[in-house]
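The structure appears right after this line, and notes come after that.
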Amino acid sequence: MRLLFLLLCCTVAFSCCKAVEEKETNDAYYSLWEAQKFLLEIVWHVQEPVALPECQDVDFVNDAAQYTKFDSDMQRFVQDVQHQRLLPRNDFFSAVVRTHHQQVLGLYKLLTYAKDWTLFKQNVCWARTHTNPGMFVYALNLAIRRRKDCEIFELPPIYEIFPQHFFNSEVIHRAMTVSKKKMERAQKQTHANNGTVSDRSLHDWQTWQWWKLMGLSDQRWYLDTEGSVAKRDGLTKYWTPVDYTRDVYILNDETRLSYLLEDVDWNANWYEFNLNYPPFLEDEELGAHHHKRSAERWIYEVRTIMTRYNLERLSQGMKPIADMKLSQTIATGYNPQLVSWNGQTFWQRYNNYEYADYGFPATIDKIFKVTNGIYELADTGVYRRENGTLHDLHQLEAQQDFFNILHGNVNALTPYNQQTYWFYSFMYLAQIEYEQFYKVGPHVLANFETALRDPLFYSLMQHKVLDMWNRYMRNLPAYTRQDLLAVGIEVKSAAISPLKTYFDYADIDLSNLLLDKVSPFDNRKGIYARQQRFQHKPYNYTLHIQADGPATVRIQTFLAPKYDEHGALLSLSKNRENFLEINRVIRKIKAGLNIVELVSFDYFVSTKRMTYSEMCDIVDAAMSERLEIPQSIRQTSERFNLPRGNKQGFPVQLVFVVRSADEEQAYGFPFDRQIEHEYVFQVPNVFFMDTMIYHVDHKENNEEYVKGYANFGQFDENYWKIK
């Protein structure tokens, strides 16, 4: 969808620059931009009354004839409206709470199945005024991914619609109380060297507090005069330094990974993935690109997240994530330091927390009933149909049946359809009762966009979801050498450029918190959080592939650690779950020797999403015929391929697997099944190599940097540049 949005931008720009004469084409483009503008405006200040004139006094349409489909979920929502049973606007919405999920499903369908754009827009306007803001944004995000007339549209990043769910309460307070006086002060001090180096400045900071090294304060706002966003017509950009949760209120060792767990893109990726693969949609509703293997795709994503997370722990010398028992003491505490948009503080869990003391019997009983049943299916493979016949889930053709059960989706076999036990587990951990609807308290595990902040997410996924998956997969036959072999293809050698990780910075748009900014298209001023973020330098690798004849091949690249946390060499079978797929491409090769050049990503395209303001710029420019597209457009974030290295180098191994692109294979092949014999990987089309990942610090001697920085008191763009 994002790529389509970018392609649309380029298409419109190219067409208009060539002075297309057909008025109908220009009018069609203008209408598309109007629609995109409406979607950007409708989520602005979403917790406040809507300001759009066309959304005033809009009626609710409950006539079934106006929809392409009108099912029981939609009927239930209509009844909730008629009987005033909607979730109150000031309540906290949770996508995993069963009762909230039931109501949002009806709203989503009323948006998705509206017959035309006019009715869709009317329903959006009505919902924006009458439904809970969190529920509204979630339903709208689901709908625009599935309506044909919305395929090219996009909402702003979730962290810029609800920044309260991504930045601590102190940052949000700083943004919401920014005043004209503070901004004027920032303008006056921009060109003044307002800092002096002192003994205190050399010692009163931690190594990650880059702003102190520059003589800046994390309690102030600064006028940006250098960045590309600052050069936008009519916008005055202010920024403030922001950090992750460090050891300020440290509870346990887990805060060492806050730079990953609190990364806005890391969390937004999980939110968006679950919008694409929600468990409550049937196959035909997922769209052509989300086929009948959607549950397998969801499990693969969970495996990818856990593999990447475990790599980070290992690279930082941390032990594997501990198991947890829902009925026992939870050793790991967590304090998110967040306050929701409705003013409620997110729930804090102390170390050695006793969940059993707080009841919630209906939720825990449901969890145990469903998970015990899934474990039995994983181990035995025996499923008894309603007519009494037996279905063997351990047959290869029955894999998708088990994956659907594990996902808990509507396509799962009875009685496991829509039994999302992982939803129930998050409810229990978030202290939410099974039948609860009103007064749900904010908790990071209660929504997709915040769940990855809490270490319990990883414990649950590793030791429950993936444990059930592994218990099932060990009953499937291991791959043979023939399964891996690609006849007539040999990888002769491979070379890769140095792998380096480092920290740079990103500006996250907080302008949605400016209540005096009536519209996102009001370009008078914008406020941003400038935050250090984990990054790796682009890398490239070269494969020499010998082929007997021309072919179209799939080239997969995997990365895994070389040693365990004790420094012991990992065997291939023990290391299987640690292989992270970092690239997959399709290439055409010819007979003879082929030199294939591959790159990790284009830094200027793949490392930063477009901000709310940048999206508005594109629409504004297109609608006013100022159609030059800025070079700073970003649409995806692919910063997480490599774990953080170290100065000495973190040893890893790379595996290149080259096979025919025509062959259908499992997600994560060939590391999705147990490995009985390592020699089966000794085939010509699979190539192993060792390498190292290094971490590059900005300045090795911070005191030397501070003393030598001539513009102490001003932001140093060059600080982030590394070789």
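So here's what we get for this one:
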item	result
Checklist (1) under 22 Å from residue 460 (Cβ atoms); (2) not in a loop (DSSP other than H, G, I, E, B) applied to residue 401, failing item	(1)
Residue match in the stretch 91-99 (condition: over 27 Å from residue 364 (Cα atoms) and not in a helix (DSSP H, G or I))	no
All positions within the stretch 614-672 that are under 30 Å from residue 526 (Cα atoms), surrounded by fewer than 16 Cβ atoms within 10 Å (Cβ to Cβ) and at pLDDT 80 or above	none
Matching residues, the stretch 141-169, being hydrophobic (A, V, I, L, M, F, W, C) and part of a helix (DSSP H, G or I)	142, 143, 144, 150, 158, 161
Residues satisfying the stated conditions in the stretch 542-561, i.e. crowded, with 17+ Cβ neighbours inside 10 Å and charged (D, E, K, R)	554
Among residues of the stretch 51-61, those that are assigned to a loop (DSSP other than H, G, I, E, B) and either under 32 Å from the mean Cα position of the chain (by Cα) or surrounded by 11 or more Cβ atoms within 10 Å (Cβ to Cβ) (or both), counted	6
The listed residue being touching a Gly at 6+ places or on another chain (Cβ under 9 Å) and either under 30 Å from residue 513 (Cβ atoms) or among the aromatic types (Phe, Trp, Tyr) (or both), out of 60, 38, 93, 70	93
Matching option when the condition is part of a loop (DSSP other than H, G, I, E, B) and buried (at least 17 other Cβ atoms within 10 Å of the Cβ), among 675, 693	675
Matching residues, the stretch 392-406, being more than 17 Å from residue 373 (Cα to Cα) and crowded, with 21+ Cβ neighbours inside 10 Å	none
Enumeration of residues in the stretch 62-104 that are among the β-branched types (Val, Ile, Thr), crowded, with 16+ Cβ neighbours inside 10 Å and farther than 25 Å from residue 422 by Cβ	78, 81
Residue that is surrounded by the most Cβ atoms within 10 Å (Cβ to Cβ) [pool: residues in the stretch 140-169 that are of a type in the set (D, E, K, R) and within 16 Å of the chain's Cα centre (by Cα)]	160
Close pairs from the stretch 396-416: first closer than 13 Å to residue 472 by Cβ, partner modelled with pLDDT under 90 and among the polar types (S, T, N, Q), Cβ under 6 Å, at least 6 apart	404/411
Residues of the stretch 429-447 classified as surrounded by fewer than 23 Cβ atoms within 10 Å (Cβ to Cβ) and either of a type outside the set (Lys, Arg) or outside any loop (DSSP other than H, G, I, E, B) (or both), total	9
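The values are calculated or read from the model by the stated rules, or taken from the named source; none is laboratory data. Being a predicted model, the structure only gives us computed values, none of them experimental. We place every Cβ from the backbone using ideal geometry, glycine too, and count neighbours over all the protein chains shown.
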